[in-house]
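Just below is one structure, and these are the notes that go with it.
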Amino acid sequence: MSEAAVNEMAGRNLRVEPEILTKLYERMVRMRRFDERTAELFAAGAVKGTAHSYVGEEAVAAGVCLNLTDTDYVGSNHRGHGHCIAKGARLDLMMAELMGKDTGYCHGLGGSMHIADLKLNILGANGIVGATMPLGTGAALAEKLRGTGNVVVAFFGDGASNQGLFHECMNLASVWKLPMIFVCENNQYALTTCYRDTTSVEQISVRAAGYGVPGRTIDGNDAIEVYAVVGEAVERARAGKGPSLVEAMTWRWGQHSMRANLREPRSDADMAAWKARDPLLLMERRMIVELPDGAAAAARIKEKVEAEIEAAVAFGEAGPEPTVETMMNAVYAPHIIHREPADKGTRELTYTAALNEALRQEMERDPNVFLMGEDVGATGGIFQVSKGLFEQFGGERVRDTPITEPSFCGAGVGAAIAGMRPVVEVQIFDFITLMMDMIVNQAAKFRYMNGGVATVPVVIRGPQGGGIRMAAQHSQSLEAWFAHIPGLVVVAPSTPYDAKGLLTASIRDDNPVIFIEHKMLYLGQTGPVPEQPYAIPIGVADVKRKGTDVTIVATQNMVSRSLSAAQVLARDGISVEVIDPRTLRPLDTATILESVRKTNRMVVVHEAAVTGGFGAEIAAMVNEQAFDWLDAPVKRVGALDVPMPYNDALEQAVIPSQARIIDAVRGLLR
């Protein structure tokens, strides 16, 4: 921004009550001194890794957050110290966190980029650019569904405005009229690149018009203007009129991060012009001019804040280091212990009907449960899993989404953090590739980054696998990806009974669950399913057939195929035990090891390609923990290492057949 434009902004002059002026100034002093002291501590080695200074941008967070209550939400980013302080976070717990201490907000597991006080409804600072927007969208949806009147602010930078997430979330928030304010802190540079060189519009706020949302560009160095304009947006959101976009033009004084040490791309003239409009100095001048004892009040505030900062540093330095036990306990919330029904009964349901019943019963039981995804409403989903739910629960709780997987998946994660229990349908599981950041970097890590405090009870479910000629981009088996990620629960039921009980357990669980269904199971046979609600404990395998000669560990559609193979082998006197893990993470290793110690041989069968498949994990576990009991190497049976073909004969050649399973078992007995 030119010097002339900066000076033009400086001409605006709004007035507020003395109390507001004093509160804004005190918060800004607190932010400034916290980050100045952090820079000193970083240089001294007390703060490690990196930190991103908020110096120069204090007016934005101060003006925004003074409009908020404790129950309103704030979504922050990597430059989030100021946001947390403005929302009321404790300096001592923040400083301890920056020092990696157990006494920090996140027990030293999050650090500068992930600091948060969840009791103040801060949705976490976030190291992924733009991630605060979908999480904030989800929190805003949660507040709308609960009718609380709370609003959500998503802070993001100019760089994030060019991401697809910005456009997807603006659209979603507008369509659903969510109580949300998008605050773009336009400090005009990414790491080193000016936003003018990467952004197609003169001002980011003009993009709001494309989504039917009010958009304004304001002087982000004038806390009074920020306070007034955002106050209007907050009032609009509380009144149910939907979101707003506020672009606050500002300037960071330092480099991208304290660790950067890169070239300085900004001109000396621009730097001088913006520093001359130091937001803290501007506020101090107003204090002196507008308050009878303004100079004395400013001095008292500085003295008070200085004492707070030094006390916070002392608290951080005195804190103990976190233990390995603290770290390990932060990954997962405890699983609920369920008891399976003693009798499955005689009533038969299809796999699809069993899933539908689990959804219906859980939505009847818990008003926090809701379903969203593409065509899940009146259509009932393309495989009819949600058929009839829209008619029973309405469009608020059975919610059709745009075809924007990253944003509605992220909204599900955000709603879960905010206390709801969303079920997010992936129409075809291959499309989950578009959701990976929200699943892997957000859902899986949120509890951990916040020191084991948060819960993220979201279920992300949908159909994977081949067999119905949908070719390479609609037929993949991707369970191994998610089983590799600490923080995720991965469930893969193979029968109608397991489908209902495990979906019920997954919805009730306080962890993010990847719930994998299989298209062929939608078309498979019926099975006994109790009518009453029940839950199957997560992490408990099921022995589908007892045997003594060979153990087969099979997943999803391969379970029935392995059972058929076992029947054929029994004619030749070969006794096969078939185990369905049902849950891949956590894996019931005890049941598998017990079987191998009895049979001394194992075959692992899954539809995913052999290379890098989950069977390798099971084989390695058995090799490490039951090697002395093995009479032959573990054998893996999986898909050929090719994408799924369209041609039906070739598709059948790729997917493991009954004959291939039989050959693998016979090979172990030769």
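The values are calculated or read from the model by the stated rules, or taken from the named source; none is laboratory data. Remember, predicted model here, so these are calculated numbers, not experimental data. With ideal geometry, Cβ positions are generated from the backbone for all residues, glycine too; neighbour counts draw on all protein chains shown. All accessible areas refer to the heavy atoms of the entire protein, side chains included, with ligands and DNA or RNA removed. Shrake-Rupley method; radii C 1.70, N 1.55, O 1.52, S 1.80 Å.
Overview of results
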quantity	calculated
Theoretical ellipticity at 222 nm over the chain - DSSP helices of four or more residues, -39500 (n - 2.57) apiece, nearest 500	-12500 deg cm²/dmol
Å² of accessible area per residue within the chain, as computed with a 1.4 Å probe and no ligands counted	37 Å²
Contact order relative to length of region 201-261, as percent, for alpha carbon pairs under 8 angstrom and 6 or more apart	37 percent
Rounded percent of accessible protein surface that carbon and sulfur make up, region 477-557, 1.4 Å probe	53 percent
Among (1) 1.02; (2) 0.95; (3) 1.08, the entry derived from the coordinates for Cα Rg over 2.2 N^0.38 Å	(3)
Value of relative contact order over the chain, rounded to a whole percent, pairs C-alpha under 8 Å and six or more apart	12 percent
Spacing of the two label points (7 Å from each Cα toward its C-beta) at Met621 and His484, in nm	1.7 nm
Amide H within-cut-off set for Phe370, under 5 Å, with H built and near neighbours excluded	Arg421, Val423
Computed over region 410-532: relative contact order in percent, which uses C-alpha pairs under 8 Å that are six or more apart	29 percent
Rounded percent of accessible protein surface that carbon and sulfur make up, region 369-442, 1.4 Å probe	56 percent
Candidate lysines - alpha carbon under 21 Å from Lys275, same-chain residues fewer than 8 apart omitted	Lys302
Cα gyration tensor category, rounded, prolate or oblate, for region 63-206 with a/c compared to 1.5	oblate
Stretchable slack from Asp663 to Leu640, in nm (0.36 nm times residue separation minus alpha-carbon distance)	6.7 nm
Three-way shape label, region 564-670, alpha-carbon gyration tensor, a/c 1.5	oblate
Chain lengthening between Lys177 and Thr589 when straightened (0.36 nm per residue, less Cα-Cα)	143.6 nm
Full-stretch length increase - Ile382, Asn441 - with 0.36 nm per residue and alpha-carbon distance subtracted	18.4 nm
Three-way shape label, region 1-149, alpha-carbon gyration tensor, a/c 1.5	oblate
Hypothetical label at Ile468: residues of region 626-670 whose amide nitrogen lies under 17 Å (7 Å Cα-Cβ projection)	644-648, 651-652
When each of Lys101/Lys445; Lys87/Lys119; Lys598/Lys635; Lys101/Lys304; Lys87/Lys177; Lys546/Lys635 is checked by Cα-Cα distance, pairs over 22 Å	Lys101/Lys304; Lys87/Lys177
Part-to-part distance (alpha-carbon centres) for region 324-354 and region 480-549, which is given in Å	8 Å
